[in-house]
Structures are given as structure tokens and as C-alpha cells.
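Take a look at the structure set out below.
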Amino acid sequence: MATASGELGIIGGIAARFRTCPVTRLRVDLAAERLIKANAVAAVVFLAIGGLMGLLVALTRWPAVHLLDSEAFYQVLTLHGLNVLLFWIIFFEIAILYFASAVLLNCRLATPRLAWAGFGLMVMGALLTDWAVLQGDSSVMFTSYVPMQASPNFYLGLILFAVGALVGCAVFFGTLVIAREERTYEGSVPLVTFGAITAAIIAVFTIASGAIILIPTWLWSLGYIGHIDTLMYKLVWWGMGHSSQQINVSAHVAVWYAIAAILLGAKPLSEKVSRTAFFLYILFLQLACAHHLLVEPGLSAEWKVFNTSYALYLAVLGSMIHGMTVPGSIEAAQRRNGYVHGMFEWLRKAPWDNPAFAGMFLSLVMFGFIGGISGVVLGTEQLNIMMHNTLYVPGHFHGTVVAGTTLAFMALTYLVLPLIFRRRVIWPTLAKWQPYLFGIGAAGISLFMLGAGTLGVPRRHWDITLSDAILSFDFQPAAYLMLGLNGLFALLATVGGILYVLVTVGTVLFGEKVTEENALAALGPMPARVAEAGGSAQVGRHGGEGLVHLPGTYVLVGVFFVAFALYYFVNWKYLSELWPIS
Amino acid sequence: MAVRSPEVRIWWNEPVARGELLWIFIAFLWGLFMFFMMIYWHINGNQNLSTETYRVKPDDFVAKVESFVEKYKVGEEGDTGVPVVAPPPGSDVYMLARLWEFWPVLQLEKGQSYRLHLSSADWQHGFSLQPVNINIQVHPGYEHVLTITPTETGVFSVVCNEYCGAGHHTMTGRIRVVESGAGR
């Protein structure tokens, strides 16, 4: 491939080396490409560490196995949260930011050296925090609620990591400015880049909240500050903790759109609607710190109701819109590709044997049905009384962050490998099964934790037999069954996770090089497409043009809505049977 | 395509398909409904968490609970040495969360209301009443006062569901509910 060594492009007086992507014809800044690779590799390393910790947690919760002793359990649970929820996801998101700016906008990356410095800070911070937890005196969980105290290095590591991520966001914004200045694209940025901008804006807010609370807490752990108010800590900490999950939502929704576009040629049904939905995230998602404060003393009911609902559920509205427009754009594209029979031919004949598509669609469905519905119920002020701090909470966020975000990022990896690492995925059969194993495993983990939480089982708890407690209590046998099934599905997800790491690492090291000739095939199976180049008149200039009906999508969202409403009312019924409290 | 710039520069003026508009409308109405449902429940529901809260020094709260126990103690829970306290219906009752117990055991009467004061002597804890499944966060320095009305008799457990260090999984408490009048 002639372009592999890179051509020298001088833009705006600054030299950057580019290659031309054989699939998209976009010019790829080699500095950006190296940074995307580094961040993606770091992400996978932390996923492997954190995922292993997750398996140990599930095997300890499984009553028949009860693997670890209590001290190790709390330590491993702390590591699990940090490594997957923070390190894996944020490294991958930085890679996405660089991809969505430099690559999609056909532009050079702003200040690659600064980006490397940010990467270095993130790696140092992550290692420092992990090291602090491994010392054994910082088993304070991911949330590190005061007045429980970790060693100063625990907080310092998180601060360094956050500063590094902030640098990454700055490089992303800088790249947007350069692309605009140097006119590397025409009109508006692509929708995927718009989603990435949403994620980055929320990230800045998130990191600022983190700095506001973690810096004083670090000083407190060093003895310079005497007292940190427990309620204030939670309020500000969750300004980081929950909002950072909204970075994930924005990023993985952008990933859904990207995969649908690359594999199926899907266009957004309406740019206006999809962008407005992202914009709702920017305006309202930050209010979600209230989700963690619904049964706290000292906060008014008005504050709780307004914030927990993201104003008037306007951010939920954003997600419900994406939940329709993403499958809708896929249906529209598939119908244009010729799959017009019946209600669901477009879906049946979608490339289910392409792990990028399978992972993306499973992520979409499970994020909506499991993570989304349980999140709204959990975040309803009064219903939260039945669920706060039970296993329902991790049940919910494994539906969003594992079945949703992680699976979407895994799916994207199968496109990143040929497009950025320029290697063909080795072991395509294993890769084909990977999203199903991981996705079904993650779904089981979520559902059985939701079930155990409904039965009152506490989260972050080593021994639900309570055998060492002075005053004993027996949870229902069904709770034990739920935890056993949770363990089984964790094993399944682990197999999926190991396959992911094996396929990824194997491909990067030993995969066949992607050339000009096999570039398209390297993306995996995809449906035959109506010609794109120059064909826009017949294809339609936006995804919904000329289409009156998307019957399959309407049925899907209809099923979703019915499930949502039923589950919502069932929980109010449960609540009405509770002891009266006021 | 979502990975390219929109082909129509002024995409804001593109028409939106009717099905899409309908879904947005339904989703918006559903959001409004869910919002007003919470407010409705504040007016007509029986399960709303009180927001009555006072700042309190942890030591002062411990002293209050101790005098409460002294006043209404009726015995001990089995051979555990944990006091059982039977306060009169309608009165202020106290439960202290500390590493690693909920103290004391309360004996309440079915169908009677009590003003329950919750606070912590040290770290944060989670008051999780089982198998009823009422869950409330307990902070040191904040005295949370809520009214509860047991509707069934029996032995109920309080399990800590906020991680509170090495002994977290040993932290429990108990509330006994007896028939109205039986405790006096």
C-alpha cells in the first residue's frame, strides 16, 4: 500500500504525516492514529484487569463458591469499579474523541505532544490508584465516601488521571478548531462527531466536579483539611460519578450511529432530531447526581423530584429518541439495500455474523430494555426507597455500562482493528461468537442482580448469609438462586471478555495486513449496498427521505414502550404495599 | 451517513417523518406523566420520605440514643446483650448506626406511627429494613426524622447496605413489631 508510509501534508504551516484510508478515502493523521492505538491498547489492558476482578466478585457472591475472604473481596471490588468503570471506558473514549475529530474531519490532530502528555498522566494516575488499593489500606470502593479514608495516593492517582483526560478533551476541542480553520470538511460536523462533542462537553463538566471534590479530599487525607461534609461530598462526587456515565451514553450512542453508517450505509433519519437528542444530553444529564441522593437526609423533595427527572425527563427523552432513530436509520438503510419484505426482513438479514453489527445491535437493545428502563424506575424519587443501595443498583448499571457501553465499544473495536490498526481480525469465528457470549453474559449479570436487589439483597456485601452478625437474618432462598445465576452468567461474560482480549491482541500482533484490495472485506460480512458514490439522489439525502413507513422500528419501539410502562406501574404497586412512611 | 457531514447544509429545515414526530410526542408525554406521578404520590401516596433533618454532633446523638434506651428498655435480645426498647406509640424513637451495629432493638406496635430518628456515630451506613425493603441512607452529623407505621407483626431485620469497612457484612439490627397494646 503506497500510502502506508504516509505522505507529508503541510496545512496551515504545520507539517503532519497522513495516509489515505482505502475504505473511507479519508486522510488519516499518523500522529492521531498512534494516539488512538495507544489509548485503545491501554483501554483493553485495564478491561482485562478490571474484568478479571469482576469475575472474582461474582464468584464470591455466588454462595456455593464464596471464593474470596472478606478483606480481599472489598479490595477486589474497589479495583473492579476503578479499572472498568473509569480506566477502560475513559481510555477508550479518548480514542473515540481522537477518531471522531482528526479522522472523521479529515484533519491533523492538535498538539500531539500534549496529547501524549495527557496519555502519560492518565496511565500514571491509573497505576498510582491501583497501587494504592493493592497496598490494602484503600479498600474504600469506587465512591470513597467520606469519612472513610483512603491513602493520599488513591486520590492523587484519580486527580492525575482526570487531568490527563481533561488534556485529551482539550486536544479534541483544539482539533475541531483546526478542522474549521483549515476547512477540512464542509458544512456541519458529522453526527458521530457531534455525539463525541456532546461526550466531551459533559466530560469537562464531569472532570471539573471531580476536581472540586477530589482535591479537597486529597488534602483532607494529607491532614491539611479537618472535615469534609458527607452530604456535600456525595452531591459533588456524583456530579462526577453519574455524569461520567453520561459521557458513556453519548459516546456509545455515537458509536451505534458510526457502526450503522460504516457497515450498512445508514444515514440519520433526521439530522435535526438526532442532534437535538444529543443536545438534550448536554442540557440535562448533569442533574443525575440526584439519582444517588434520593433517600438522603437534608435535601428537599422539590430538589429531588426536579433533578432526578432531568428536569421533565428531557434527557430520557433524548435516549428514547435515539432508541428509535438508530434502529430506524438501520431499517431505512436496509430497505434501500433491498430488504423490503415484511416487517422484519431488514433485521433478519442484517449482518448478524459480523461482530461489529451484532455487538452494536445487542448493545442498543439491552441498553434500552435493561439499563434504560431499570434506570428510570430506580431514579424515581419514591421508588428508590425500595432499591437504594441494593443489588438493584449494580444490576442497573451493568445493563447500561457493560451490556450498553462496553459491548458497543467492543463492537467498534472490530472496525478499529482493520481501519486504524490495519490488521484483519484473526479467528473470525471466535470473533463472531464473542459479542453474543459477552452480551448474554452481561444481560444475565444485570437481570439477576436486579432480581436479587428487588429481594432486598445489599450491594457491596461479602456475605448475605450474615453468618457473622450478632443479629441474624435470612434472605429468601430465591436471593441465593439469583446470586448463583449471576455467577454463572459472569462466567459466560468472562469467556466473552477473554475472547475479546485474545482476538484483539492476536489481531494487533499477528493479523494479516490490510491492503488496498482487501480493505473492504476486512470489515467483515456486510449486506450488498446500493451504490453510494454519486448515488445520493436516488438514495435520498437524509435517511428518512421518501420513506413513509418504518414498520419494524415502530413495532420495536412499541414493544419497548409497553414493557417500560408495565414495569413502571408494577413498581408503584410494590411501593403502595410498603409500610407507610412520611 | 453519520460519519460524514450532512449533505444538506441547512439540515435544520429538513422535514421530519411523521412516525418519528409521533414517537417524540409520545416519549415527551410519557416523561411529563412520570414527572407528575412523583408529585401526585407526594399528595396522595403513603410512602414519601421525610426531609426533616437536623445537624447533630455524632456524640450528642449517641447520648440521646443512650438516654432513650435507658428510659424505655424492656429487656435484652436473646443472649446477645443488645437492649430491646419499647417506646410508647406515637413517640420519638431512635436508632443509632455505628461500626458495626444498628442499636438498639426496637419493639413497635402494629398500626401505630413512630417518629424514627436515624443518624450515625461514625461513617455512613445504609438502613435497609428487611424483608420489607425500605432503604435509607444514614449520615454522621445529620439527624433524619421520619414517621414509620408498621403494618404487620413479626421480627424484621435492619441490614447495613452502605459499605462501611471491614465488618460491613456483620452490621445488622432488628425491629420487632407486636400487636397493638401487646407491648404495654
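The values are calculated or read from the model by the stated rules, or taken from the named source; none is laboratory data. Here the structure is a predicted model, which is why all the values come from computation and not from measurement. Quick reminder, even Gly has a Cβ in these numbers, built from the backbone with ideal geometry, and neighbours come from all protein chains shown. Surface accessibility is based on the protein's heavy atoms, side chains included, excluding ligands, DNA and RNA. Shrake-Rupley method; radii C 1.70, N 1.55, O 1.52, S 1.80 Å.
Remarks
- Per-region count, the stretch A:557-582, residues open to solvent by 60 Å² or more (accessible area, probe 1.4 Å), more than 20 Å from B:Gln130 (Cα to Cα) and within 11 Å of chain B (Cβ to nearest Cβ): 1
- With respect to (1) within 11 Å of chain B (Cβ to nearest Cβ); (2) open to solvent by 10 Å² or more (accessible area, probe 1.4 Å), the lone exception for A:Lys349 is condition (1).
- Candidate set from the stretch B:1-25 (those that are within 7 Å of another protein chain (Cβ to nearest Cβ) and of a type in the set (Val, Ile, Thr)); member that is least open to solvent (accessible area, probe 1.4 Å): B:Val3
- Selected residue (criterion: nearest to the other protein chains (Cβ to nearest Cβ)) from residues of the stretch B:149-184 that are under 11 Å from B:Glu101 (Cβ atoms) and of a type in the set (Gly, Ala, Ser): B:Gly173
- From the options B:Gln130, B:Gln124, residue that is in contact with a Gly (Cβ under 7 Å, 6 or more places away or on another chain) and either touching a residue at least 40 places away in the same chain (Cβ under 8 Å) or at the interface with chain A (Cβ under 7 Å from one of its Cβ atoms) (or both): B:Gln130
- Residues in the stretch B:138-147 that are among the β-branched types (Val, Ile, Thr) and surrounded by fewer than 22 Cβ atoms within 10 Å (Cβ to Cβ) were compared, and the one that is nearest to the other protein chains (Cβ to nearest Cβ) is B:Thr147.
- In the stretch A:366-403, the residues that are more than 24 Å from A:Thr494 (Cβ to Cβ) and more than 11 Å from chain B (Cβ to nearest Cβ): A:Gly368, A:Gly372, A:Ile373, A:Gly375, A:Leu378
- Filter pass, A:Val171 being among the β-branched types (Val, Ile, Thr) and in a loop (DSSP other than H, G, I, E, B): no
- Options A:Leu481, A:Leu499, A:Leu547; residue that is modelled with pLDDT of 95 or more, out of contact with any Pro (no Cβ under 9 Å at 6 or more places or on another chain) and open to solvent by 40 Å² or more (accessible area, probe 1.4 Å): A:Leu481
- Residue match in the stretch B:32-49 (condition: modelled with pLDDT of 95 or more, more than 30 Å from B:Val138 (Cβ to Cβ) and either surrounded by 17 or more Cβ atoms within 10 Å (Cβ to Cβ) or more than 23 Å from the chain's Cα centre (by Cα) (or both)): yes
- Within the stretch B:111-123, the set of residues being farther than 26 Å from A:Ile464 by Cβ and assigned to a strand (DSSP E or B) comprises B:Tyr114, B:Arg115, B:His117.
- Odd one out for A:Leu77 among (1) away from chain B (no Cβ under 14 Å); (2) open to solvent by less than 40 Å² (accessible area, probe 1.4 Å): (1)
- Residue in the stretch B:93-102 that is in contact with a strand residue (DSSP E or B) (Cβ under 7 Å, 6 or more places away or on another chain), more than 9 Å from chain A (Cβ to nearest Cβ), more than 29 Å from A:Leu235 (Cβ to Cβ) and without any contact (Cβ under 8 Å) to a residue 40 or more places away in the chain present: no
- Residue satisfying condition, being at pLDDT 85 or above and either of a type outside the set (D, E, K, R) or surrounded by fewer than 16 Cβ atoms within 10 Å (Cβ to Cβ) (or both), within set A:Ala531, A:Ala522: A:Ala522
- Here A:Gly50 fulfils each of the conditions (1) open to solvent by 40 Å² or more (accessible area, probe 1.4 Å); (2) assigned to a helix (DSSP H, G or I) apart from (1).
- For the stretch A:434-449, the criterion of a residue being open to solvent by 10 Å² or more (accessible area, probe 1.4 Å) and within 14 Å of chain B (Cβ to nearest Cβ) is satisfied by no position.
- A single member of A:Ser101, A:Ser138, A:Ser151 is open to solvent by 10 Å² or more (accessible area, probe 1.4 Å), touching a helix residue (DSSP H, G or I) at 6+ places or on another chain (Cβ under 9 Å) and of a type in the set (S, T, N, Q), and it is A:Ser151.
- Whichever residue in the stretch A:271-307 is in contact with a His (Cβ under 6 Å, 6 or more places away or on another chain) and open to solvent by less than 10 Å² (accessible area, probe 1.4 Å) and, among such residues, is farthest from A:Leu378 (Cα to Cα): A:Ala277
To keep it simple, each residue is scored yes or no on (1) out of contact with any helix residue (DSSP H, G or I) (no Cβ under 7 Å at 6 or more places or on another chain); (2) assigned to a loop (DSSP other than H, G, I, E, B); (3) under 16 Å from A:Thr217 (Cβ atoms); (4) within 14 Å of chain B (Cβ to nearest Cβ).
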residue: A:Ile94; (1), (2), (3), (4): no, no, no, no
residue: A:Asn106; (1), (2), (3), (4): yes, yes, no, yes
residue: A:Met122; (1), (2), (3), (4): no, no, no, no
residue: A:Leu156; (1), (2), (3), (4): no, no, yes, no
residue: A:Leu160; (1), (2), (3), (4): no, no, yes, no
residue: A:Gly164; (1), (2), (3), (4): no, no, no, no
residue: A:Val177; (1), (2), (3), (4): yes, no, no, no
residue: A:Thr184; (1), (2), (3), (4): yes, yes, no, yes
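- Residue within the stretch B:46-54 that is under 25 Å from A:Val316 (Cα atoms), in a loop (DSSP other than H, G, I, E, B) and either in contact with a Gly (Cβ under 6 Å, 6 or more places away or on another chain) or within 10 Å of chain A (Cβ to nearest Cβ) (or both) present: yes
- Residue check for A:Thr494: in contact (Cβ under 8 Å) with a residue 24 or more places away in the chain and in a helix (DSSP H, G or I): yes
- Qualifying residue in the stretch A:145-152 (condition: in contact with a strand residue (DSSP E or B) (Cβ under 8 Å, 6 or more places away or on another chain) and not basic (Lys, Arg)): yes
- A:Glu331 meets all of the listed conditions (1) of a type in the set (Asp, Glu); (2) open to solvent by 10 Å² or more (accessible area, probe 1.4 Å); (3) not in a loop (DSSP other than H, G, I, E, B) but one, namely (2).
- Selection from the stretch A:264-301 of residues that are of a type in the set (Gly, Ala, Ser) and under 22 Å from the mean Cα position of the chain (by Cα): A:Ala266, A:Ser274, A:Ala277, A:Ala288, A:Ala290
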